[in-house]
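Engineer: Got a structure here, written out as structure tokens. Questions coming.
The values are calculated or read from the model by the stated rules, or taken from the named source; none is laboratory data. Because the structure is predicted, anything quoted here is derived from the model rather than measured. Methodologically, a virtual Cβ is constructed for each residue, glycine included, from the backbone with ideal geometry; neighbour enumeration extends over all protein chains shown. Protein only, heavy atoms only, side chains kept; ligands, DNA and RNA dropped before computing areas. Shrake-Rupley method; radii C 1.70, N 1.55, O 1.52, S 1.80 Å.
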Amino acid sequence: MSNLYELTGNRLALQHKLEVLNFDEETILDTLEANSTELSEKIADYGYIIRNRTSFADSMSAEIERMTSRRDAELKRIAAIEKWLLRNMQGCGITKIECPAFTVAVQNNPPKVDVLDEKQIPEDYWRTPDPKPPVAAPDKRLILAAMKDGYPVPGCILTQSARLVIK
């Protein structure tokens, strides 16, 4: 069995040969269709490979979601244990415990402000954020609509790419 590269080259060579010999379009298409069984099978094989690899990637995504959920649950348990330990150490007046592998200590966080009533805060303690200038950008949807309707837009071209679809 040949590889896809060889099969594609053979098909293109046959098509070129038929065109050089001035065969009509229908004869060329019929000949290429009759001669493309192996190429069609090779393309189908690649389709199966793509589907299998896509399925594998999807299962990886599902596993990532499952493990992320597990990690988040574990982090919540850790936070609950830390909160419980802090509350108990503070309740007992213990600020530091040294172990051979680590030290557990109660440490104060930097001070922060909690606003209880904004109306009572003097004007000197207010700030007004600078407005951000709007960022201008081409409206590609509007340009696409105009170009599809046959109106040229300077500085733009209409392109169309292709993608592989396996359903």
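Engineer: Determine, yes or no, whether SER69 is surrounded by 10 or more Cβ atoms within 10 Å (Cβ to Cβ), hydroxyl-bearing (Ser, Thr, Tyr) and more than 30 Å from LEU4 (Cα to Cα).
Structural biologist: Working: surrounded by 10 or more Cβ atoms within 10 Å (Cβ to Cβ): yes; hydroxyl-bearing (Ser, Thr, Tyr): yes; more than 30 Å from LEU4 (Cα to Cα): yes.
Against the criterion (surrounded by 10 or more Cβ atoms within 10 Å (Cβ to Cβ), hydroxyl-bearing (Ser, Thr, Tyr) and more than 30 Å from LEU4 (Cα to Cα)), SER69 qualifies.
Engineer: Moving to a separate point now. Are any residues in segment 104-122 in a loop (DSSP other than H, G, I, E, B) and either in contact (Cβ under 8 Å) with a residue 24 or more places away in the chain or open to solvent by 100 Å² or more (accessible area, probe 1.4 Å) (or both), and if so, which ones? Show your work before the answer.
Structural biologist: Filtering segment 104-122 for residues in a loop (DSSP other than H, G, I, E, B) gives 106-117, 121-122.
Result: GLN107, ASN108, ASN109, PRO110, PRO111, LYS112, VAL113, ASP114, LEU116.
Engineer: Is there a residue being surrounded by 10 or more Cβ atoms within 10 Å (Cβ to Cβ) and among the hydrophobic types (A, V, I, L, M, F, W, C) anywhere in segment 123-141? Working first, answer last.
Structural biologist: From segment 123-141, those surrounded by 10 or more Cβ atoms within 10 Å (Cβ to Cβ) are 138-139; that's our starting set.
Next cut, among the hydrophobic types (A, V, I, L, M, F, W, C) only: none.
No; the residues of segment 123-141 include none that is surrounded by 10 or more Cβ atoms within 10 Å (Cβ to Cβ) and among the hydrophobic types (A, V, I, L, M, F, W, C).
Engineer: I'd like to check something: does segment 72-91 contain any residue that is in a loop (DSSP other than H, G, I, E, B) and surrounded by fewer than 10 Cβ atoms within 10 Å (Cβ to Cβ)?
Structural biologist: So the first thing to find is which residues in segment 72-91 are in a loop (DSSP other than H, G, I, E, B), and the list is none.
No: zero hits.
Engineer: Has segment 40-57 got at least one residue that is open to solvent by less than 100 Å² (accessible area, probe 1.4 Å), under 30 Å from THR8 (Cβ atoms) and acidic (Asp, Glu)? Spell out the reasoning first.
Structural biologist: First, pick out the residues of segment 40-57 that are open to solvent by less than 100 Å² (accessible area, probe 1.4 Å): 40-45, 47, 49-50, 54-55, 57.
Subset that is under 30 Å from THR8 (Cβ atoms): 40-45, 47, 49-50, 54-55, 57.
Retained after the next criterion (residues that are acidic (Asp, Glu)): 41, 45.
Yes, because at least one residue in segment 40-57 is open to solvent by less than 100 Å² (accessible area, probe 1.4 Å), under 30 Å from THR8 (Cβ atoms) and acidic (Asp, Glu).
Engineer: Then there is this: Only one of VAL104, VAL113 is more than 30 Å from GLU6 (Cα to Cα), at pLDDT below 95, among the aliphatic types (A, V, I, L, M) and touching a strand residue (DSSP E or B) at 6+ places or on another chain (Cβ under 6 Å); which? Talk me through it step by step, then tell me what you get.
Structural biologist: Details: VAL113 fails: touching a strand residue (DSSP E or B) at 6+ places or on another chain (Cβ under 6 Å).
So the residue among VAL104, VAL113 that is more than 30 Å from GLU6 (Cα to Cα), at pLDDT below 95, among the aliphatic types (A, V, I, L, M) and touching a strand residue (DSSP E or B) at 6+ places or on another chain (Cβ under 6 Å) is VAL104.
Engineer: While we're looking at this one, here's another question. Any residue in segment 92-101 that is assigned to a helix (DSSP H, G or I) and either of a type in the set (A, V, I, L, M, F, W, C) or surrounded by 10 or more Cβ atoms within 10 Å (Cβ to Cβ) (or both)?
Structural biologist: Going through segment 92-101, the residues assigned to a helix (DSSP H, G or I) turn out to be 92.
Add one more test, that the residue is either of a type in the set (A, V, I, L, M, F, W, C) or surrounded by 10 or more Cβ atoms within 10 Å (Cβ to Cβ) (or both), and what stays is 92.
There is at least one residue in segment 92-101 that is assigned to a helix (DSSP H, G or I) and either of a type in the set (A, V, I, L, M, F, W, C) or surrounded by 10 or more Cβ atoms within 10 Å (Cβ to Cβ) (or both).
Engineer: Take SER61 and tell me if it is open to solvent by less than 100 Å² (accessible area, probe 1.4 Å), under 30 Å from ILE43 (Cβ atoms) and among the hydroxyl-bearing types (Ser, Thr, Tyr).
Structural biologist: Numbers: open to solvent by less than 100 Å² (accessible area, probe 1.4 Å): yes; under 30 Å from ILE43 (Cβ atoms): yes; among the hydroxyl-bearing types (Ser, Thr, Tyr): yes.
The answer is yes for SER61.
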